[in-house]
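Where a number appears in this text, it was derived from the coordinates with a stated rule and is not lab data. Predicted, not measured: the structure shown is a model, and the values here were computed from it. Here the Cβ positions follow ideal geometry from the backbone for every residue, glycine too, while neighbour counts run over all protein chains shown.
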Amino acid sequence: MRKPLALLALACYLIILVATSIWPKPVDGEGILSIITSELLQFTARTPALDWIQYNELEAIGNVLLYIPLGIFLVVFAPRTKTILVALVPVLVSLLAEGVQRLFLPDRYATINDVVYNALGGLLGILIAKSIARLRKYSK
């Protein structure tokens, strides 16, 4: 990915991440996300292989998916940084987001589960990006 395009993608992603983290109401509580959540839950209820997915599982999946790009961008923009340091960033970002929700957003629900799922998403993103980088290195 070329740097200007990568920077634009990062900026768009950060806007989404910050907006979903500090939105005063739960992001799935009203509007389009509420409709999408409802439709997804109806779909999973009608699909035998997915009928185990209830609201809490859908929220966990969403948290993981939201943080995968963070892990990818960390590897793209800091490729030589030690993996352990890169892996701490999603944890710290999630702790910050959940702390802001707990302290300043009374309608939001800050939980340790969110931190765990967000961190897992970031770690998956790091793993994906490092795997792709390694494959590209060996394919040359």
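Observations
- FRET E, pair ALA45, ARG2, Förster distance 30 Å, beta-carbon r, rounded to 0.05: 0.10
- Matching label, Cα extents along the principal axes in Å computed from the structure shown, candidates [x] 44, 29, 24; [y] 46, 40, 27; [z] 72, 38, 24: [y]
- Ordering ASN118, PHE43, ASN56 by the projection of their Cα atoms onto the charge dipole of the chain, which places +1 on the Cβ of Lys and Arg and -1 on the Cβ of Asp and Glu, puts ASN118 at the extreme positive end.
- Considering only alpha-carbon pairs that sit under 8 angstrom and 6 or more positions apart, the relative contact order computed for the stretch 3-139 is 31 percent.
- The order of TYR138, TYR55, TYR67, going from fewest to most other C-beta atoms within 10 Å of their C-beta, is TYR138, TYR55, TYR67.
- Entry note, the chain: the mean residue ellipticity at 222 nm calculated from DSSP H runs of n ≥ 4, each adding -39500 (n - 2.57), is -27000 deg cm²/dmol after division by the residues and rounding to the nearest 500.
- Order of SER131, SER94, SER21 - criterion: other Cβ atoms within 10 Å of each residue's Cβ, fewest first: SER131, SER21, SER94
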